[in-house]
1. Please report the equivalent ellipsoid semi-axes of segment 222-268, computed as sqrt(5 x eigenvalue) of the Cα gyration tensor, largest first, in whole Å.
2. Starting at the first residue of segment 85-94, write each ³J(HN,Hα) from the Karplus equation 6.51 cos²θ - 1.76 cosθ + 1.60 with θ = phi - 60°, in whole Hz, x for Gly and Pro.
3. I want to check the label-to-label distance for S257 and E196. Put each point 7 Å from Cα in the C-beta direction and report it in nm to one decimal.
4. Provide the FRET efficiency to the nearest 0.05 for the E204-D172 pair, computing r from the beta carbons and using R0 = 35 Å.
5. Give the shape of segment 79-199 as rounded, prolate or oblate, defined through the alpha-carbon gyration tensor: a ≥ b ≥ c are the square roots of its eigenvalues, a/c under 1.5 means rounded, and otherwise the shape is prolate if a/b is larger than b/c and oblate if not.
6. Kindly list the residues of segment 269-287 that lie in the label zone of C228, defined by a backbone N under 19 Å from the point 7 Å along the Cα-to-C-beta vector.
7. Can you compute log10 of I(q)/I(0) for segment 159-276 with the Debye formula, treating each Cα as one identical point scatterer, at q = 0.14 Å⁻¹?
8. As a test of the formula, what do you get for the chain when each DSSP H run with n ≥ 4 contributes -39,500 (n - 2.57) and the sum is divided by the residue count, at 222 nm and rounded to the nearest 500 deg cm²/dmol?
Amino acid sequence: MKLQRNQKMELYQIHILAFAALICCTSTAHGWGIHGHLITCRIAQPRLSKAAAEAVSQLLPAYADNDLGSLCSWADRVKFRYHWSSALHYIDTPDQLCSYQYTRDCKDEDGIKDRCVAGAIYNYTNQLITYNNANSQYNLTEALLFLAHFIGDIHQPLHVGFTSDRGGNTIDVHWYTRKTVLHHVWDDNIIETAEERFFDSNVEELINTLQTNITTVWASQAKAWEACTKTACPDAYSSEGIKAACDWAYKGVSNGSVLQDDYFLSRYPVVNMRLAQGGVRLAATLNRIFG
Ligand SMILES: [Zn+2]
């Protein structure tokens, strides 16, 4: 059958809509949601040294208007184009062990070594170190956007989760009355509910509160969060991550659990702390990279 031009156009639009729906509804599997990443990058950027702030502003595309936060979820959006990158957002560790070891765990589903979020953080750190070499062979804009995103992801406790449940992706739960999976509760729901309940649905208010806490109640801890004798320290963050996953995310949850105030109110401080740590450490890592 020969289609009229406008029928073809309609079909084309339907395809676009279907594709958009696919992106919207399947891309939540790995990573803090958009707000989690925004929060991490917004905490990090004002903490950059002069040299790091200049490098970041040079590397960001002009349309980002020097706002790292606006592109902090870029790595999630390119998963379809850069199919190879989807394994770089998380680490699968052995079931129930509650421990992480780089050489044992940092590999993708095919067993290819270094393909996990910790390996990706090392890799993009090494690329960014070439920033001052006139003939760097890397796309350093992409390296920066990947690094900023992955330092966020590695702080989401279920990004260093058990292998058989794919970091809580196969654990069906209810978040209050809504059906979801445990992984999504930690990517998005806890943050969303906190914004609604405590910040008048305004993410900027949540960011301000975390920033204030970092310079007041958490000031001495925040110094310790930055500590790293190498340029990047993702292994320490992964070990903390799987411990938080066991102690808080998985604890008391099974398939079909209904999670509400008890769970929300006890886990929300953990999410707050991990977002703050992610932001402080992203800045510290960029400061070590760019001097
Ligand atoms: Zn991610």
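Values quoted throughout were computed directly from the atomic coordinates according to the rules given, and no laboratory measurement underlies them. None of these values were measured; they are calculated from a predicted model. When we count neighbours, we look across all protein chains shown, and the Cβ atoms used for this are built from the backbone with ideal geometry, even at glycine.
1. The equivalent ellipsoid of segment 222-268 has semi-axes of 30, 13, 6 Å.
2. These are the phi-based 3J(HN,Hα) values: 7, 5, 6, 8, 8, 7, 9, 9, 10, x Hz.
3. 2.0
4. According to the calculation, E is roughly 0.60.
5. Since a/c reaches 1.5 but b/c is at least a/b, the shape of segment 79-199 is classed as oblate.
6. Flagged as within label range: 273-287.
7. Log-scaled intensity ratios, in q order: -0.67.
8. Estimated from H runs of four or more residues: -16000 deg cm²/dmol.
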